[in-house]
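Scroll down for the structure; my scribbles are underneath it.
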Amino acid sequence: MDCLFCKIVAGDIPARKLYEDEHVVAFHDISPAAPVHFLVIPKKHINTLNDLTEDDKALAGHILFTAQRLALEQGCEAGFRVAMNCNPQGGQTVYHIHMHVLGQRQMQWPPG
């Protein structure tokens, strides 16, 4: 499989990791759009949000909880944004689900 994020999970591509456990890896975005900008990815390869199954419910919750905990640890108590893109029209460029967490700046709406 030629997946960028699977290579990060495997340790084949370096990343500035914030956190890792048996289910997820969190690392700083290489092109940050905010003072705090990191990704939370599952170690399990899932192409898009549309590919989640009933069996992935606990994993999806773990991704969200990890994002929340790390955002607070990174000093985002005043607020932060989470985003998951799905397919081309949703802005997805890496086909391995991932949650962006952005904070420490005022977010605008609509996001763009």
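Since every read-out is calculated from the coordinates, none of them should be taken as a lab result. What you see is a predicted model, and the numbers here were worked out from it, not measured in a lab. Cβ sites come from the backbone with ideal geometry, for glycine too, and all protein chains shown count toward neighbours.
What to note about this one:
- Label assignment, Kirkwood radius over Cα pairs in Å derived from the structure, set [x] 14.4; [y] 15.0; [z] 16.9: [x]
- Net charge of Cβ neighbours under 12 Å - reference LEU18; Lys, Arg +1; Asp, Glu -1: -1
- Sorted by Cβ neighbour density within 10 Å, fewest at the top, the residues MET107, MET1: MET1, MET107
- Under the combined filter of DSSP loop state and at most 14 neighbouring Cβ atoms within 10 Å, segment 33-90 retains these trypsin sites (Lys or Arg not before Pro): LYS44.
- Relative contact order of the chain, pairs being alpha-carbon contacts under 8 Å that are 6 or more residues apart, as %: 30
- Placing a pseudo-label 7 Å from each Cα along the Cα-to-Cβ vector at ALA33 and LEU52 gives an inter-label distance of 1.9 nm.
- HN-Hα J in Hz across segment 65-70 - Karplus 6.51, -1.76, 1.60, θ = phi - 60°, x for Gly and Pro: 5, 4, 4, 4, 5, 5
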